[in-house]
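Heads up: the structure comes next, in structure tokens.
The values are calculated or read from the model by the stated rules, or taken from the named source; none is laboratory data. Given the structure is predicted, the values throughout are model-derived calculations rather than measurements. When the accessible area is computed, the model is the full protein with side chains, heavy atoms only, and any ligands, DNA or RNA have been set aside. Shrake-Rupley method; radii C 1.70, N 1.55, O 1.52, S 1.80 Å.
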Amino acid sequence: MTTELEVEVEMLCNLSQGIYNEGFEIGIENGIQGAVEILREGGYKDWQIIERIQKRYGLTLEEAEKYVIVQV
């Protein structure tokens, strides 16, 4: 394999990894949002939802609040 081809293959691998990582992050975001909706429908209070998603997804308090507390 030539050096030029090696560089191109590495660039494509990096691009593929970036696309994968972005898709993974979007999937996690959607999962958390779905969990919040389900817990709300189940009658959980905001503080309970925050505690649950913090524990399940390893979020800080501030990160969890962004999913639960609706900014108007």
Which values, in whole Å and largest first, are the semi-axes of the equivalent ellipsoid of the stretch 1-40 obtained as the square root of 5 times each eigenvalue of the Cα gyration tensor? 38, 4, 4
Before I look further, what does the chain give for accessible area per residue, probe 1.4 Å, in whole square angstrom? 84
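If I require 18 Å or longer along the helix axis, counting alpha carbons, and a Kyte-Doolittle average no lower than -1.0, what helices from the chain are left? Use full DSSP H segments.
Details: long enough: 3-41 (57 Å, 0.03).
Taking the DSSP H segments of the chain (at least 18 Å long, mean hydropathy at least -1.0), we get 3-41.
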Of (i) 4.6; (ii) 5.0; (iii) 6.9, which one was derived for mean projected area of the Cα convex hull in nm² from the structure shown? (iii)
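In the chain, carbon and sulfur make up what percent of the accessible area (probe 1.4 Å)? Could you put the intermediate results ahead of the total?
On the way: 3370 of 6010 Å².
After summing per-atom areas, the C and S share lands at 56 percent.
Pairs of Cα atoms under 8 Å, at least six residues apart: use those to get the relative contact order of the chain, whole percent. Walk me through the numbers on the way to the answer.
Working: 25 pairs, mean separation 17.0, N = 72.
Relative contact order of the chain: 24 percent.
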